[in-house]
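Presented below is the structure to which this report refers.
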């Protein structure tokens, strides 16, 4: 998104940002041609939306990194994930894996939902539906369950102590 100076038809540049502490953001933009200034004020909900999207108000402060948005959303991002280094093979000589699997870690599997489970999930209020879906998905991944059915949802509720919800 860019702001244009109506008088000059020039792109305004970012000048300053202020975080008053009440959940709002004030951003000041100025026209390089005529010197006009414009302020943008966000309310707390807009500020939360912008922050959750990972948008930097005022532009980038560091150079862009490969897959930066994806890496910022990972549970445990690795700084060396995109470093080109020769990795030595560990384990069997015919193995294609460069890193041995930790015995205590579970392998994340792709989980699919049956139409019955999806219909049941649709009954959950929208504002918590994403969180509920994530809870069931993580449960299925930990238990190595590839398809979530209403029975799996019932088992997860009892195993996780969520019967009263």
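Summary of values
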{"item": "Number of positions in segment 1-38 that are free of Cβ contacts under 8 Å to residues at least 12 places away in the same chain and more than 23 Å from residue 53 (Cβ to Cβ)", "result": "3"}
{"item": "Criterion: at pLDDT 70 or above, in contact with a helix residue (DSSP H, G or I) (Cβ under 7 Å, 6 or more places away or on another chain) and not in a helix (DSSP H, G or I) - qualifying residue of 35, 54, 21", "result": "54"}
{"item": "Of residues in segment 146-165 being touching a helix residue (DSSP H, G or I) at 6+ places or on another chain (Cβ under 6 Å) and not in a helix (DSSP H, G or I), the one surrounded by the most Cβ atoms within 10 Å (Cβ to Cβ)", "result": "148"}
{"item": "Checking residue 59 against (1) at pLDDT below 65; (2) within 27 Å of residue 156 (Cβ to Cβ); (3) in contact with a strand residue (DSSP E or B) (Cβ under 8 Å, 6 or more places away or on another chain), the condition it does not meet", "result": "(2)"}
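The values are calculated or read from the model by the stated rules, or taken from the named source; none is laboratory data. Owing to the predicted nature of the structure, the values given are computational and were not obtained by experimental measurement. FYI the Cβ positions are ideal-geometry reconstructions off the backbone, even for glycines, and counts take in every protein chain you see.
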